[in-house]
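Before any comments, here is the structure.
The values are calculated or read from the model by the stated rules, or taken from the named source; none is laboratory data. Quantities reported herein were computed from a predicted structural model and do not represent experimental measurements. We place every Cβ from the backbone using ideal geometry, glycine too, and count neighbours over all the protein chains shown.
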Amino acid sequence: MLEPTTTYTPAAGRYDAMTYNRCGESGLKLPAVSLGFWHNFGILTPFEHMRALVFTAFDHGITHFDLANNYGPEPGEAERNCGRLINRYFKAYRDELVVSTKAGYEMWTGPYGDHGSRKYLLASLDQSLERLGLDYVDIFYHHRPDPETPLEETMGALATAVQSGKALYVGLSNYDGPTLERATAILDELHVPFIINQNRYNIFDRTIERNGLKETAKRLGKGIITFSPLAQGLLTNRYLDGVPSDSRIALDPRFLKDSALTPERLQQIRELNDIAIARGQTLAEMSLAWLLHDGVVTSVLAGASKPQQILDNIGALKNTTFSAEELTRIDEISQR
Ligand SMILES: NC(=O)c1ccc[n+]([C@@H]2O[C@H](COP(=O)([O-])OP(=O)(O)OC[C@H]3O[C@@H](n4cnc5c(N)ncnc54)[C@H](OP(=O)(O)O)[C@@H]3O)[C@@H](O)[C@H]2O)c1
């Protein structure tokens, strides 16, 4: 049981072991490993546990916390809890932190609580700031493309978010290459500091290599932050011997069900684990290192249910170099 704490003094050497990468050609640097608040910051997790996660992260140079309006459970709770943490412990360190949030999925009922209208995005940002107890977020994302709203309207709302001082930078999430290219042209015309794409990318999921996002972001000088870099825990040693009772599949299977653990998937995980062991890494470390090895990804956005996982994930930075044979073998196993 953790003792109640009213004050927090971050570790003095917190920046020593972290790498900071520039978001594309922008001025903003992000830690190579960021912390996601999608899971473990809602009503299921004790406050003291959340506090231990963020203290561990910040003490080891993770300066970037990633949220969205709908993270929970219940929707909004992750922002509320992050707000409590920031206002209780990080007030003096706000300028050492990058706080991101998003809008684009259903947040409230009726026609104005979802997708990509100006009406929804700007109202949602105000609600997020209220829950977070902040005057501004560092990055405000459109969470997913909305084919029914003109791209000009959605990008115009992002421009207003910046002009109003409620966001410093903007990002796009789950866009593909061609839509990113169109969006960038509009945002350039509006002089909006659009700096980063947030997409799912991991050893198993290569969508952004196929839909043009990775190539386009690199060409346009935009950053990429990769979500679910551990495939929600599958690309770790978590499930090698069954489903642990404290794992995401067992405790909160809203988005990761045991049906994902097919015999074929488990075999792939075992073979990838063998490569990691031969490299002197855990599978989690190798999976994160793999994402960073070609220098295109700015930051890997990992979740964590335990402080130790955060430390393990930062350990990935000790070796992000792969031989051609290792890369080929990882492709052969993961893409079959
Ligand atoms: N833009 C979007 O549409 C979108 C979508 C999804 C997520 N995201 C963002 O991306 C973040 C990360 O997503 P994610 O949680 O799916 O990421 P992930 O890093 O792929 O999975 C995190 C889970 O993996 C396990 N884990 C983490 N480190 C481990 C380690 N060292 N050893 C063993 N197991 C480890 C933990 O699961 P256990 O609970 O089993 O311990 C943890 O909760 C989210 O929090 C959110 O900020 C964005």
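Would you check if ASP16 is within 30 Å of PRO193 (Cα to Cα) and either assigned to a loop (DSSP other than H, G, I, E, B) or under 15 Å from the mean Cα position of the chain (by Cα) (or both)? Yes: the conditions hold for ASP16. Within the stretch 223-232, the presence of at least one residue that is of a type outside the set (S, T, N, Q) and within 18 Å of GLU264 (Cα to Cα) is confirmed. Filtered by the rule that a residue be within 13 Å of the ligand (Cβ to nearest atom) and either of a type in the set (S, T, N, Q) or at pLDDT below 95 (or both), the stretch 92-119 gives SER100, THR101. When the stretch 82-93 is limited to residues that are charged (D, E, K, R) and in contact (Cβ under 8 Å) with a residue 12 or more places away in the chain, the one that is farthest from ILE196 (Cα to Cα) turns out to be ARG88.
If you filter the stretch 19-36 down to residues that are touching a Phe, Trp or Tyr at 6+ places or on another chain (Cβ under 8 Å) and outside any loop (DSSP other than H, G, I, E, B), you find that the one that is surrounded by the most Cβ atoms within 10 Å (Cβ to Cβ) is LEU30. Here LEU240, LEU220 are screened, and the one residue that is more than 14 Å from the ligand (Cβ to nearest atom), surrounded by fewer than 19 Cβ atoms within 10 Å (Cβ to Cβ), modelled with pLDDT of 95 or more and not polar (S, T, N, Q) is LEU220.
For the stretch 175-211, the tally of residues that are under 16 Å from the mean Cα position of the chain (by Cα), assigned to a loop (DSSP other than H, G, I, E, B) and surrounded by fewer than 21 Cβ atoms within 10 Å (Cβ to Cβ) stands at 1. Looking across the stretch 212-225, the residues that are part of a helix (DSSP H, G or I) and without any contact (Cβ under 8 Å) to a residue 60 or more places away in the chain come down to LEU213, GLU215, THR216, ARG219.
When the residues of the stretch 88-128 are filtered to those that are among the charged types (D, E, K, R) and not in a helix (DSSP H, G or I), the one that is farthest from TRP38 (Cα to Cα) is ASP114. Checked against (1) over 19 Å from the mean Cα position of the chain (by Cα); (2) surrounded by 19 or more Cβ atoms within 10 Å (Cβ to Cβ), VAL98 meets all criteria but (1).
Somewhere in the stretch 46-54, is a residue in contact (Cβ under 8 Å) with a residue 24 or more places away in the chain, assigned to a loop (DSSP other than H, G, I, E, B), surrounded by 15 or more Cβ atoms within 10 Å (Cβ to Cβ) and not acidic (Asp, Glu)? No, the stretch 46-54 has no match at all. Selection of helices (runs of 4 or more DSSP H) fully inside the stretch 226-331 by the criterion of at least 3 residues being more than 23 Å from the chain's Cα centre (by Cα) returns 263-278. Within the stretch 56-81, restricting attention to residues that are in a helix (DSSP H, G or I) and free of Cβ contacts under 8 Å to residues at least 60 places away in the same chain, the residue that is surrounded by the most Cβ atoms within 10 Å (Cβ to Cβ) is ALA78. Of all residues in the stretch 268-305, those being charged (D, E, K, R) and touching a Leu at 6+ places or on another chain (Cβ under 8 Å) number 1. Where the second residue is within 8 Å of the ligand (Cβ to nearest atom) and of a type in the set (Lys, Arg) and the first is under 15 Å from GLY36 (Cβ atoms) and lies in the stretch 226-240, which pairs have Cβ atoms under 8 Å and are six or more apart or on separate chains? Taking only residues 6 or more apart or on different chains, the pairs are THR226/ARG200; PHE227/ARG200; SER228/ARG200; GLN232/ARG248; GLY233/ARG248. The residue list THR298, THR236, THR216 contains one member that is polar (S, T, N, Q) and farther than 30 Å from ALA185 by Cβ, which is THR236. The single condition from (1) more than 20 Å from the chain's Cα centre (by Cα); (2) not in a loop (DSSP other than H, G, I, E, B) that THR149 fails is (2). Of the residues contained in the stretch 259-270, none is found to be without any contact (Cβ under 8 Å) to a residue 24 or more places away in the chain and either near the ligand (Cβ under 10 Å from one of its atoms) or crowded, with 16+ Cβ neighbours inside 10 Å (or both).
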